[in-house]
Amino acid sequence: MSELLAIGISHKTAPVELRERVALPEGRASGVLRELVATEQIDEAVALSTCNRTELYMAVGDDVEAETTALGILARQAGIRPTELVGHLYSLRNEDAVRHLFRVTSGLDAMVVGEGEIQGQVKRAYELALVDNATSAIMNRLFREALAAGKRVRTETGIGEGSLSVSAVAVQLAQETLGDLAGKRVVIVGAGETGELTARALAERGVRSVFMANRHYDRAIGLAQRFGGRAVRFDDLPAQLEHADIVVSSTASPHHIIEKDDLAAVMSARDGRPLLVIDIAVPRDVDPAVGELEGVHLRDIDDLQRVVEQNRSGREAEVRRAEGLIDHELDRFTRWLATLDVVPTIAALRARGQAIARQVVAENSGRWESMSEADRERIDLLAAAIVKRLFHQPILRLKERDTDQATYAYVQALRELFGLETGAGTAFKRAGDEAKRSDEAGGEVTRLRPTKSRKQSS
């Protein structure tokens, strides 16, 4: 029986100190994906890692073993014991895992409800898994449907209207701390998407002297020109900090780029002028010890939570509408997933009943020494008829539920109750075969990975 499994941590379950250790930049994510799909328990995997969450989505055979394996891999790459992670980890299966991904992609599970950045992050995570050959038909379908659900929510509801991105919240926090931002000198460290959004939010508040400091200098020049700022090379950052009022850092560096000792030297040259440092990167760009320096006001991603809570009111109606759309998209996906196991489950149920009937007849054949061959055939037919009658209603109900949202759970219950196995005909292989046929016919499915053979229980 195919299973969907999602495990992870987020801003709702873990502090930034733990999130930054578990974070999966692209290089590390590729290694984790390769390690996951190389195991016997996990067939497909996608790793999603943002400033607020790190999650693994997997198609597995044995969900219990797969969860243990994935937890071990995640903890090992973070350099911590699994027991340190367990208390902050959530684990979701099947429909719950699908719903969670749809909500994440739609911005409903974000720290800033309705933020649009998450869709791009989900898309990049899926594309990375494709490149690493870690997905097949089930993950391909799941993530395409998740991205479609996210797009539909943003198109058909007002969930994104008036919502603040993390960057905008950071700027709002700066305004609360310093008051009017017009004329303030700001250094933005990082010229990626978050840096761009931060620059835009600052420009809207009258901040024109924005310095972009980034290792990708050409990108920094382009952003500075767009928002009336000036680009400086990354090596010039200490000199720029001497004159800054605000520093907003949002790089993808796995290490601190602003250390306490370096900033202490900068502060000594500032004649007591205070400095607001907003670190919205995970892993963090700024050494937390920087906050101990006199005159430095340090804020990190978790400090943004307070500002976010103030902006949640008035959005409940749009959230309910979005949840309704997600329910509809979830129903479509679970119906597709259920069809992968309906036919083989019926076949396995019939085969199990027929095998039991033949076994019982064979066990009692010694009691009927005087029985004719014709009578034996009649008993065989009678036993087969009993099996057919006995399983008629369960099979009929299963066929009737072929388009029902509960199909997946119904199939799972039947297989569990009767101990059914389908061997090579698991949903993974059937989904792969289906996708391969679609691909050969010019369909959309891409990059299929052969299904690993799995030991069958006797």
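The values are calculated or read from the model by the stated rules, or taken from the named source; none is laboratory data. Keep in mind that this is a model prediction, so the values were computed, not measured. Neighbour counts run over all protein chains shown; Cβ positions are idealised from the backbone, glycine included. The protein model used for the area step is the full one, side chains on, heavy atoms only, and it has no ligands, DNA or RNA in it. Shrake-Rupley method; radii C 1.70, N 1.55, O 1.52, S 1.80 Å.
Residues of region 1-25 falling in the label zone of ASP96, defined by backbone nitrogen less than 19 Å from a point 7 Å along Cα to beta-carbon, are 2-14.
Take the Cβ atoms of ASP218 and ARG273, set R0 to 45 Å, and the FRET efficiency comes out at 0.90. Amide hydrogen proximity for GLU44: with H placed 1.01 Å from N in the peptide plane, the residues at 5 or more positions away or on another chain lying under 5 Å are ALA59.
Computed from the Cβ-Cβ distance with R0 of 45 Å, the FRET efficiency linking ASP331 to SER372 stands at 0.20. A cut-off under 13 angstrom between Cβ atoms defines the neighbours of GLN359, and their net charge, with Lys, Arg +1 and Asp, Glu -1, is 0. Considering only alpha-carbon pairs that sit under 8 angstrom and 6 or more positions apart, the relative contact order computed for region 1-57 is 47 percent. In order along region 53-64, the phi-based Karplus estimate (6.51 cos²θ - 1.76 cosθ + 1.60, θ = phi - 60°) of 3J(HN,Hα) comes to 7, 9, 9, 10, 10, 9, 9, 9, x, 10, 5, 5 Hz; Gly and Pro are listed as x.
Kindly flag which residue pairs out of LYS184/LYS260; LYS123/LYS184; LYS12/LYS123; LYS123/LYS260 have an alpha-carbon separation exceeding 32 Å in this structure. Over 32 Å apart, Cα to Cα: LYS123/LYS184; LYS123/LYS260.
Once C-alpha pairs closer than 8 Å and six or more residues apart are averaged by separation and normalised to the residue number of region 174-300, the relative contact order reads 22 percent. Per-residue surface analysis assigns VAL86 an accessible area of about 80 Å², computed on protein heavy atoms at 1.4 Å probe radius. For the pair ILE80 and ARG350, a Förster radius of 45 Å applied to the C-beta separation gives a FRET efficiency near 0.35, rounded to the nearest 0.05. Over the Cα atoms of region 1-97, the radius of gyration divided by the Kirkwood radius equals 0.93; this is the Rg/Rh ratio. Using a simple spin-label model with pseudo-atoms 7 Å out from Cα toward Cβ, ARG358 and ARG34 lie 4.7 nm apart. Here the scattering of region 1-53 is modelled by Debye summation over its C-alpha atoms, one equal scatterer each and no solvent; at q = 0.15, 0.16, 0.24, 0.30 Å⁻¹ the log10 of I(q)/I(0) is -0.48, -0.54, -0.97, -1.17. Given a 1.4 Å probe and the protein chains as shown, TYR217 ends up with an accessible area of around 60 Å². Summarised in one figure, the compactness ratio Rg/Rh of region 217-318, Cα atoms and Kirkwood Rh, is 1.04. With Cα atoms as the point set, region 91-194 shows a radius of gyration and Dmax of 17.1, 54 Å. Other residues whose C-beta falls under 13 angstrom from the C-beta of SER268 contribute a net charge of -2, scoring Lys and Arg +1 and Asp and Glu -1.
Within the full protein context, the accessible area of VAL189 is estimated at about 0 Å² for a probe radius of 1.4 Å.
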